[in-house]
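This report refers to the structure that appears directly beneath it.
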Ligand SMILES: [Zn+2]
């Protein structure tokens with residue numbers, strides 16, 4: 001998301017700019033992130049949440065995007081021992097799991113190593 005008042009780029013989406021707050025009302029526009037970033041920090045999770053039982057251990061990382069925003073997401077297509085701070089990654093959309101009985105499928109960002 002991008003604030004047209006102060007040009008700040010932020011994520012996840014919210015209605016008010018974290019920088020200029022009230023002045024930004026009505027001036028928040030969707031902004032397409034490049035999807036490219038680097039691993040800022042990461043942790044290997046051995047005790048998965050119920051949704052993740054088929055993938056353990058899994059890697060949770062804070063990724064710093066090229067635009068400067070940091071997002072928390074899972075790293076996939078990579079072994080825990082191969083993840084490094086500063087490693088280049090790219091965002092992908094992955095199915096995160098089904099929402100209870102409604103069958104609503106949730107999607108979310110994940111990252112995988114990029115060349
Ligand atoms: Zn702003």
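The values are calculated or read from the model by the stated rules, or taken from the named source; none is laboratory data. Predicted, not measured: the structure shown is a model, and the values here were computed from it. Counting neighbours? That spans all protein chains shown, and the Cβs are built from the backbone with ideal geometry, glycine included.
What number of residues in the stretch 7-30 are part of a loop (DSSP other than H, G, I, E, B), within 14 Å of the ligand (Cβ to nearest atom) and either assigned by TED's automatic domain parsing to the domain that holds residue 85 or over 15 Å from the mean Cα position of the chain (by Cα) (or both)? Quick ask: steps written out before the conclusion?
We begin by selecting, within the stretch 7-30, every residue part of a loop (DSSP other than H, G, I, E, B); these are 7-8, 10-16, 18-20, 25-27, 30.
This time we only want the ones that are within 14 Å of the ligand (Cβ to nearest atom), so: 7-8, 10-11, 13-16, 18-20, 25-27.
Pick out the ones that are also either assigned by TED's automatic domain parsing to the domain that holds residue 85 or over 15 Å from the mean Cα position of the chain (by Cα) (or both) and you get 7-8, 15-16, 18-20, 25-27.
Final tally of qualifying residues: 10.
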Legend entry - Unmet criterion (only one of (1) part of a strand (DSSP E or B); (2) modelled with pLDDT under 95) for residue 51: (1)
Inset, instruction - Scan the stretch 7-36 and report the pairs whose first residue is surrounded by 15 or more Cβ atoms within 10 Å (Cβ to Cβ) and whose second residue is modelled with pLDDT under 85 and outside any loop (DSSP other than H, G, I, E, B), with Cβ atoms within less than 9 Å and a gap of 6+ or a chain change. - result: 35/109
